[in-house]
Amino acid sequence: MPFHLTDEQEIMRAAVRQFAEAEVKPLAAVLDREHRPPLETIPKLADLGVLGMTIPPDYGGSGTDYLSFILALEELARVCATTAVMVEVHASLVATSILHFGDQAQKTRYLPELAAGRLIGAFALTEPGAGSDAAALTTRAEVDGDDFVLNGQKIFITNGGFAGVFLVLAKTSPEAGSKSISAFLVDRDRPGLSVGEPERKMGIRGSSTVSLLFDDLRVPRSALLGQLGQGFSIAMRSLDGGRTGIAAQALGIAQGAYEEAVAYAKQRVQFGQPIARLQAIQWLIADMATDLEAGRLLVYQAADLEDRGLPFSDVAAKAKLFCGPMASRVTHSALQILGGNGYTEAYPVERMCRDARITEIYEGTNEIQRLVIARAALR
Ligand code: CAA
């Protein structure tokens, strides 16, 4: 049974698809080739309301349900995975964390700016020694008078090259473990913040991925997000929603590659007929279509559970665990159907193959999703 979307969700999806076709798709190969973020798209995404979908109208957002936001991510990723992840980190990891855990002053200060795209958000959790083991982070935030002073290093920070605000996880007490971690909202213009050179990556090449160095970076107490020691929980809660977002990104990449493969198979003639008439190709297409439908149900279910206020951590992890590898499978099958042409930059499928791979890694590897799922199953 297809997942039932409301008329509003269908209308919103159609609007984002139209926008993505007109404004995002033409840039996708350029961003990839030039390793540059889609800065010119940010005001347009804000005008369309996409940057503020997770932000209520009281704070200047378009305040849709989470499933609508997920549909928007899927549509963006269908044509440009780079644009999708920029939006996902900004609107999901950062904006929803401020919405759920921020005080009134933080919400008033940041959310309207994030919705309008005047500020882009970045989420600074990962460190050289703290990837999958996120609680092992060593960046410190020490109290000094009315301030916290941050020292440490973050790596692989999406949007970091141009973000205006960073959600930074740092240790506020010397003990080991998650209770020693707090979250801070750090403005880009703070003295003591250095931003490294962008990583040269296999895929999502337009996405800005940088390291951050905090050298006696001073923030006021008002920069603390949530309670002292609540940072790890905030990060985990944000990543639950974020994982549905990355699953939607994977789904969108796979959908884009599938459509390319179907169109190609219908017009490519070999052995005197379109290759779509060959059973070898039909079986590939059938498996791709089945993979997509299964992934879509999981992703929408995770978003729907979140919208209904029900537990969704394990379903989000399942959606990501299924859709990441699924996107790798589907993009590789698409490339196989396109043959030699698929291996060239004349078609977007080689880029989609490269873009898909990261969805099995960031916001928790496949292995970490299995850990989250198994813990829920065995509780
Ligand atoms: N929501 C709220 N709180 C949660 C939670 C959740 N989903 N999951 C755990 N917590 C809380 C726990 O309740 C626990 O608190 P109590 O002690 O009070 O019970 C505390 O957090 C510690 O939990 P765990 O014991 O489960 O922690 P752990 O050290 O075993 O780690 C983990 C769990 C799932 C492995 C976690 O470290 C993890 O998710 N690792 C992967 C990190 C990751 O996803 N990084 C992504 C980086 S951001 C990114 O990729 C963005 C981008 O670029 C696109």
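The values are calculated or read from the model by the stated rules, or taken from the named source; none is laboratory data. Small disclaimer: the values here were computed from a predicted structure and weren't measured. In this analysis, Cβ positions are derived from the backbone assuming ideal geometry, glycine residues included, and neighbour counts consider all displayed protein chains. Side chains included, ligands, DNA and RNA excluded: accessible areas come from the protein's heavy atoms. Shrake-Rupley method; radii C 1.70, N 1.55, O 1.52, S 1.80 Å.
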Q) Distance from the Cα centre of segment 70-146 to that of segment 327-377, in angstrom? A) 23 Å
Q) Check T126: other-chain or 5+ apart residues with amide H under 5 Å from its amide H, H built from backbone geometry? A) I155
Q. When the accessible area of segment 1-159 is split by element with a 1.4 Å probe, what percent falls to carbon and sulfur?
A. 54 percent
(Q) Counting only other residues whose beta carbon sits under 10 Å from that of V85, what net charge do I get with K and R as +1, D and E as -1? (A) -3
Q: Output the relative contact order of segment 122-232, whole-number percent, from Cα pairs under 8 angstrom with separation of 6+ residues.
A: 32 percent
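Can you give the Rg/Rh ratio of the chain, where Rg is from the C-alpha atoms and Rh is the Kirkwood radius?
With Rg and the Kirkwood Rh in hand, the quotient comes to 0.99.
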Q) Residues with beta-carbon under 12 Å from that of E260, excluding E260: net charge, scoring Lys, Arg +1 and Asp, Glu -1? A) +3
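For the chain, what does -39500 (n - 2.57) per DSSP helix run (n ≥ 4), summed and divided by total residues, give at 222 nm, in deg cm²/dmol to the nearest 500?
-16000 deg cm²/dmol
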**Q.** Estimated dipole of segment 7-119 in Debye, rounded to 20 [Cβ of Lys and Arg +1, of Asp and Glu -1, Cα centre]
**A.** 320 debye
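Can you give me the % of accessible surface on segment 184-316 that is carbon or sulfur? Probe 1.4 Å, all protein chains present, nothing else counted.
On the way: 3140 of 6040 Å².
Of the solvent-accessible surface of segment 184-316, carbon and sulfur hold 52 percent.
Would you please calculate the Kirkwood hydrodynamic radius of segment 7-119 over all C-alpha pairs and express it in Å, rounded to one decimal?
One decimal place: 14.0 Å for the Kirkwood radius.
Kindly flag which residue pairs out of K25/K201; K25/K107; K179/K201; K179/K320 have an alpha-carbon separation exceeding 29 Å in this structure.
In this structure, K25/K107; K179/K201 exceed 29 Å between Cα atoms.
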**Q.** Residue-by-residue Karplus 3J(HN,Hα) for segment 142-150, coefficients 6.51, -1.76, 1.60, Hz, glycine and proline x
**A.** 9, 6, 9, x, 8, 10, 10, 10, 9
(Q) Restricting to Cα pairs below 8 Å that are 6+ residues apart, what does the relative contact order work out to for the chain? Please round to a whole percent. (A) 17 percent
(Q) What is the sum of charges, Lys and Arg at +1 and Asp and Glu at -1, for the other residues whose Cβ falls under 13 Å from the Cβ of R109? (A) -1
Q | Residues of segment 1-88: accessible area per residue with a 1.4 Å probe, Å² | A | 42 Å²
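For segment 122-232, what is the accessible area per residue in Å², given a 1.4 Å probe and the full set of protein chains?
Per-residue value: 43 Å².
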